[in-house]
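Have a look at the structure below, then the notes.
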Amino acid sequence: MERADFLVIGGGIAGLSAAARLVRHGKVIVLEGEEGLGYHSSGRSVSFSHYGIGNTAVRALTAHSRPFFEAQPEGFCNTPIARPFATLYFGGEDDLAALAKLETAMTAFAATIGGVGPEEMTRLCPVLRDPARGVYDPTGLKLDADALLQSYARQVRTEGGEIRTGARIGRIERRNANWVINESCETPILVNAAGAWGDEVAALAGVDPLGLAPKRRTIIVVDPPAGMDAAAWPFVHSAAGDFYMLPEAGQLLVSPVDEVPAEPGDAQPDDYDIAYAADRLEHYTTLKVSRIAHRWAGLRTFTADRTPTAGFAPDAPGFFWLVGQGGYGLQTAPAMAEIVEALVTGAAWPVPGVEPAQIQPERLLNRPETC
């Protein structure tokens, strides 16, 4: 029986970033069921850091993670893991109240964020159709998801940890104050970072589920009009929450911001959602979709209060939840990894603006699902 001080189930951004902190304190083994890292969620994300999504806790986690991206640790990656990329929320007359509320929430975290009018929005993104008001965030960052995943993995391995892909979990048993996985390895601390499979892992361990809700998100890729340079456009979002678009590699990534309930698995784009993404693009902009170059879907898994969760299960000693990152996993990973390290080692709480009770799993037990 192989022994580890910490065993992490899940090789997405949550599991790998946590493992990179825990490996400083003992032997770490990461088990990933797929053959590649970040296959279902992290690797299919548009990989952005901005203050327009999530609640106050998510924004505070985002703010705490920013220094990691803006001045990446020495030796972490030989290429930049983030680059400046502004965001713009826009809407019509019916969206003014929602935009005002969003502006208040966002400006609490960056003084340079502010409201903009139609003329400025048209300058920033000339294809927007009749926008009345917007909120502009020049502090946004485009993150390199693959660089982050591989750099965290390299850090784990460099410091003596192991990452095993294709390692499906079939059995988890509590035995002699340890968790025994697949009758092959044991650990006193089992970190459940299994994303959409988080509740299934808990069931294998006999731990009460948190009521996680996996949801499918669709992306299509289209070409900008011939002769139009879209590279400087911001990442634009509708205030109604049914459209976003950003330029990447000479093309445009477009999503209807769908959240379709889905079973854990290899998410595939649905024909209706693909068509709806094209419809939203033509509704909010003057662009016409003549060809969809590529399409994909990924899973985003939420807790009932849509706040990432980290902490020991109150009903199972040594079972540590690290789940519910939703669409914020990449932009909050550094902060969440620090929280994992602090809770596991007993160190001081590391993230100002967030209370432990907002993150720990007790808040989710015995409450109705509201995702």
Just one of 63, 86, 57, 108 is of a type in the set (A, V, I, L, M), closer than 18 Å to residue 17 by Cα and under 23 Å from the mean Cα position of the chain (by Cα); which is it? 63
From the list 88, 96, which residue is open to solvent by 30 Å² or more (accessible area, probe 1.4 Å), touching a strand residue (DSSP E or B) at 6+ places or on another chain (Cβ under 6 Å) and hydrophobic (A, V, I, L, M, F, W, C)? 96
Test residue 291 against the criterion of being of a type in the set (Lys, Arg) and crowded, with 21+ Cβ neighbours inside 10 Å, and give yes or no. no
When residue 271 is run through (1) touching a strand residue (DSSP E or B) at 6+ places or on another chain (Cβ under 8 Å); (2) at pLDDT 95 or above; (3) open to solvent by 10 Å² or more (accessible area, probe 1.4 Å); (4) closer than 24 Å to residue 44 by Cβ, the failure sits at (1)
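Given the criterion under 21 Å from residue 197 (Cβ atoms) and touching a helix residue (DSSP H, G or I) at 6+ places or on another chain (Cβ under 6 Å), identify the matching residue among 318, 311. Can you show your working first?
On the way: 318 fails: touching a helix residue (DSSP H, G or I) at 6+ places or on another chain (Cβ under 6 Å).
Checking each option against the conditions leaves just 311.
On the given criteria, is residue 123 in contact (Cβ under 8 Å) with a residue 40 or more places away in the chain and open to solvent by 50 Å² or more (accessible area, probe 1.4 Å)? Spell out how you get there, then give the answer.
On the way: in contact (Cβ under 8 Å) with a residue 40 or more places away in the chain: no; open to solvent by 50 Å² or more (accessible area, probe 1.4 Å): yes.
Judged against the criteria, residue 123 is not a match.
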Please indicate, with yes or no, whether at least one residue in segment 172-179 is at pLDDT 95 or above, under 30 Å from residue 53 (Cα atoms) and in contact with a Leu (Cβ under 7 Å, 6 or more places away or on another chain). no
Sort out which residues of segment 26-75 are in a loop (DSSP other than H, G, I, E, B) and among the aliphatic types (A, V, I, L, M), and write them in order of number. 37, 46, 53, 71
When segment 264-313 is checked residue by residue, the ones that are farther than 30 Å from residue 56 by Cβ and within 18 Å of the chain's Cα centre (by Cα) are 265, 266, 296
Looking at this structure, is residue 338 within 14 Å of residue 61 (Cβ to Cβ), open to solvent by 10 Å² or more (accessible area, probe 1.4 Å) and either assigned to a helix (DSSP H, G or I) or at pLDDT below 95 (or both)? yes
If I filter segment 311-334 down to residues being without any contact (Cβ under 8 Å) to a residue 60 or more places away in the chain and in a strand (DSSP E or B), which single residue comes out as least open to solvent (accessible area, probe 1.4 Å)? 311
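Matching residues to (1) more than 26 Å from the chain's Cα centre (by Cα); (2) among the hydroxyl-bearing types (Ser, Thr, Tyr); (3) more than 15 Å from residue 85 (Cβ to Cβ):
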position: 117; (1), (2), (3): yes, no, yes
position: 121; (1), (2), (3): yes, no, yes
position: 127; (1), (2), (3): yes, no, yes
position: 132; (1), (2), (3): yes, no, yes
position: 135; (1), (2), (3): no, no, yes
position: 143; (1), (2), (3): no, no, no
Subset of segment 4-25 that is in a loop (DSSP other than H, G, I, E, B) and of a type outside the set (Lys, Arg) - its residue that is most open to solvent (accessible area, probe 1.4 Å): 25
Determine which single condition residue 130 fails, assuming it passes every other condition in (1) open to solvent by less than 30 Å² (accessible area, probe 1.4 Å); (2) on the phi > 0 side of the Ramachandran plot. (1)
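For (1) hydrophobic (A, V, I, L, M, F, W, C); (2) closer than 13 Å to residue 87 by Cα; (3) out of contact with any strand residue (DSSP E or B) (no Cβ under 6 Å at 6 or more places or on another chain), each residue gets a yes or a no:
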| position | (1), (2), (3) |
| --- | --- |
| 217 | no, no, no |
| 221 | yes, no, no |
| 229 | no, no, yes |
| 238 | no, yes, yes |
| 247 | no, yes, yes |
| 251 | no, no, no |
| 255 | no, no, no |
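The values are calculated or read from the model by the stated rules, or taken from the named source; none is laboratory data. This one's a predicted model, so the numbers in the text were calculated from it and none came from an experiment. Cβ sites come from the backbone with ideal geometry, for glycine too, and all protein chains shown count toward neighbours. Ligands, DNA and RNA are stripped out before the accessible areas are found, and what is left, the full protein with its side chains, is counted by its heavy atoms. Shrake-Rupley method; radii C 1.70, N 1.55, O 1.52, S 1.80 Å.
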